[in-house]
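Peer 1: Provided herewith is a single structure, encoded as C-alpha cells, for subsequent inquiry.
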Amino acid sequence: MVPAGQGGGVMRTALLTDPVDGLDEALAAVDAFDRALVGGLHRPQPAQAGGLAELADAVAGTPLASRAAEAAGKAAEGAAGEDHFVALAAARTALLGSVHDALVARVDEATGRSRLEETAPPPAQRPAANPSAAARSWLCDVARAGWQGIDHELVSGAAQVVSAMLPDPALRRPATLLDGFAAELAASCPGATLERVPVRRWADLWSRAMLLTLPGAAEVATPGTATGRLLPLGVDVHEHATAAQAQVHAVFEPADGTAPRLVRAAVSAPKPDTVVGAGVWQLLRPHMALLAAVSEGSSMDLSGMPITAEGDLIWDDERARPGGPADALATARVALAAAAATAAAPLDRHPARIAEPVFLEGYTVRKDGGVLLFEVAGHPVVVDACRLPAAGPLTPEAVEVSGACIGLLRWDAGVFSVQPLAVETTVRKRTVAVHGGAWAGGTTDKAGLRAEKAATDAVKVLRERAGRLLRK
C-alpha cells in the first residue's frame, strides 16, 4: 500500500506468491466436474463418473454432502433429475466460493485491509415462477447433451424461456444471463465440431444460471443509503461487441464520521460493434455524472444514494453533486489503506470476481519473458497490461516508466496480478498522472479528440441508417 511513514501500511507482496492451503485440491475437483460436462451426462463414461465423484468427495464435510453424493451417483448412472443437477451446481458453486474466500483472506492479510460483513435483510421469497422452472429444464437438457452435444435445435429452446422471463423485473437478471449463455452456445453449434471448448466459462455460466432460477435466488435485498463524500480512484472499462460498462472504484467517507469504505458505481449501455475505444464514453456519459468527476479529478457529495450490502452504489444523478478537488493518487496515498472492503454476496463468491483496489509505490519495472512485472520489496507482482482500456491514455509504455500505481488486484490461472487504473510517471522532469478513465467526461487530448470524432461519425451514420429504416 503506502509507506508506513505516510500513514499507511506496506503491502506484503510476498504473501501473494505463497501457496494457499487446499486451493489446488478445490480447483481440481471443480475441473474434474467441468470435464464431465464436456461429453454430457446422458450416458456418462467412467472418466466422467470419476469427475462427478471427485466433486461430491470435495464437499463431503459440508451440509451439501448427502445431496451431492446422491446427485453424483444418479448422474453417473445417467439418471439425474432436476434436483440432482441443482445439487451438483450448488456443490460446484460452493467450492469456487471457498476458493474466493481463501484468496480474499490472503489479499486482506497482504494489504492489512478489514472487511465488512453487511447483514442486509433477506428478500421475500416468491413462489417458483413457471419461466424459472422452464429455464431449469432447459439447463438440465444442456447438461445431458454436454458441450460436444449441443446443436441449434437444443440451444434455440432458450429463446422462448428468455422471452417469458424478461417482462418480470425479478427474473430479468437470470434472463439476461440465460440469453447471453444461449447466444454463446448458438455461436458454437454444432458442439461436435468444436476444436476448443471454454470448459470453465461455460460450466460457470451453467451452474450460476441453474442456481439463479431457484425461488428467491435472484431477488435483491432492499438497499441502504449513503450520504457523504465520494473520492474516485479509477475506472475499470468492460467492453464487448454489443455492450460497454464503466465501473468506478472509489473511497466513500460517510457524513456521520464512521470509517471510510470501498465502493463501486457502474453504468452500462448497449452499443453497436462499430463504436469502440473512446467512443464508448459518448454512450455512457449521459447516464452518470460521476464520469465527469473522474476525468476532472474531483469528488462528489452524495445524499441518500442507494447502496447495496456489497458496496455497489445504485447511481442516481439527482442524489449527487460535484464536490471539491480530489486527486486519485492523493486519495490512494492517504485514504485507501484505511478504507474497509465489503464481503461479496454468497452467489457472487467466485475467483473471477476479485478486483481489490490497491496502491503500489517505489517499485521497479522489469520484463520477464514478455510479462511486465512490478518488483515490490524484492517480490515480483505481475502486471495485467492486457486489461488496459483502449478508451483512455493509459498505455503499457506509460506503465513501464511509472513509479506509482493505483490498480485492481486480481487472481487468474493461479497467479495474483495488478490491473493498472492510473499511474504516476515523469515526463520532461515533471511528475504527471496518467489515468485510464481520463477521457470519461470529455477530453482536450489530441488522441482522445481524434477517437471521439471517429466515434461521433460512426454513431451519426448509424442513426441516419436507423432513421431511414424507420421511415420505410
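Peer 1: Can you pull out the residues in the stretch 253-284 that are within 18 Å of the chain's Cα centre (by Cα) and either aromatic (Phe, Trp, Tyr) or under 21 Å from residue 331 (Cβ atoms) (or both)?
Peer 2: Hits for the stretch 253-284 are 262, 263, 264, 265, 266, 267.
Peer 1: Another question, if that's okay. Quick check on this structure: which one of 229, 208 is in a helix (DSSP H, G or I) and touching a residue at least 12 places away in the same chain (Cβ under 8 Å)?
Peer 2: Working: 229 fails: in a helix (DSSP H, G or I).
Among 229, 208, only 208 is in a helix (DSSP H, G or I) and touching a residue at least 12 places away in the same chain (Cβ under 8 Å).
Peer 1: Right, next: Among the residues of the stretch 148-165, is any under 15 Å from residue 209 (Cα atoms), under 25 Å from the mean Cα position of the chain (by Cα) and surrounded by fewer than 17 Cβ atoms within 10 Å (Cβ to Cβ)?
Peer 2: No; the residues of the stretch 148-165 include none that is under 15 Å from residue 209 (Cα atoms), under 25 Å from the mean Cα position of the chain (by Cα) and surrounded by fewer than 17 Cβ atoms within 10 Å (Cβ to Cβ).
Peer 1: Go through 341, 352, 337 for me and flag whichever is farther than 30 Å from residue 451 by Cα and part of a strand (DSSP E or B).
Peer 2: Working: 352 fails: part of a strand (DSSP E or B); 337 fails: part of a strand (DSSP E or B).
After applying the criteria, what remains is 341.
Peer 1: Working only within the stretch 352-402, note down all residues that are more than 16 Å from residue 434 (Cα to Cα), among the hydroxyl-bearing types (Ser, Thr, Tyr) and touching a residue at least 24 places away in the same chain (Cβ under 8 Å).
Peer 2: Matches in the stretch 352-402: 363 only.
Condition check ((1) part of a loop (DSSP other than H, G, I, E, B); (2) at pLDDT below 90; (3) exposed (fewer than 15 other Cβ atoms within 10 Å of the Cβ); (4) among the hydroxyl-bearing types (Ser, Thr, Tyr)) across all residues:
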residue: 94; (1), (2), (3), (4): no, no, no, no
residue: 101; (1), (2), (3), (4): no, no, yes, no
residue: 107; (1), (2), (3), (4): no, no, no, no
residue: 120; (1), (2), (3), (4): yes, yes, yes, no
residue: 123; (1), (2), (3), (4): yes, yes, yes, no
residue: 134; (1), (2), (3), (4): no, no, no, no
residue: 142; (1), (2), (3), (4): no, no, no, no
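Peer 1: Considering (1) modelled with pLDDT under 95; (2) surrounded by 14 or more Cβ atoms within 10 Å (Cβ to Cβ); (3) of a type in the set (A, V, I, L, M), say which one residue 4 fails and leave the rest.
Peer 2: (2)
Peer 1: From the set of residues in the stretch 395-423 that are in a loop (DSSP other than H, G, I, E, B) and of a type outside the set (S, T, N, Q), which is modelled with the highest pLDDT? First the steps, then the outcome.
Peer 2: Initial filter on the stretch 395-423 (in a loop (DSSP other than H, G, I, E, B)): 395, 401, 413-414.
With the extra rule that they be of a type outside the set (S, T, N, Q), the set shrinks to 401, 413-414.
Details: 401: 93, 413: 85, 414: 90.
Taking the candidates together, the pick is 401.
Peer 1: Still on this structure, I have one more. Taking the criterion of being in the same structural domain as residue 89 (by TED's automatic domain parsing) and in contact (Cβ under 8 Å) with a residue 60 or more places away in the chain, would at least one residue in the stretch 41-58 satisfy it?
Peer 2: Taking the stretch 41-58 and keeping what is in the same structural domain as residue 89 (by TED's automatic domain parsing), we get 41-58.
Next cut, in contact (Cβ under 8 Å) with a residue 60 or more places away in the chain only: 41-42.
Yes, there is a match, as at least one residue in the stretch 41-58 is in the same structural domain as residue 89 (by TED's automatic domain parsing) and in contact (Cβ under 8 Å) with a residue 60 or more places away in the chain.
Peer 1: State the number of residues belonging to the stretch 355-394 that are surrounded by 18 or more Cβ atoms within 10 Å (Cβ to Cβ), part of a strand (DSSP E or B), hydrophobic (A, V, I, L, M, F, W, C) and out of contact with any Cys (no Cβ under 9 Å at 6 or more places or on another chain).
Peer 2: 5
Yes/no per residue for (1) surrounded by fewer than 19 Cβ atoms within 10 Å (Cβ to Cβ); (2) on the phi > 0 side of the Ramachandran plot; (3) of a type in the set (Gly, Ala, Ser); (4) not in a loop (DSSP other than H, G, I, E, B):
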{"position": "26", "(1), (2), (3), (4)": "no, no, yes, yes"}
{"position": "31", "(1), (2), (3), (4)": "yes, no, no, yes"}
{"position": "44", "(1), (2), (3), (4)": "no, no, no, no"}
{"position": "50", "(1), (2), (3), (4)": "yes, no, yes, yes"}
{"position": "57", "(1), (2), (3), (4)": "yes, no, no, yes"}
{"position": "62", "(1), (2), (3), (4)": "yes, no, no, no"}
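The values are calculated or read from the model by the stated rules, or taken from the named source; none is laboratory data. What you are looking at is a predicted structure, and each value in this text was computed from that prediction instead of being measured. Virtual Cβ from ideal backbone geometry, glycine too; neighbours counted across all protein chains shown.
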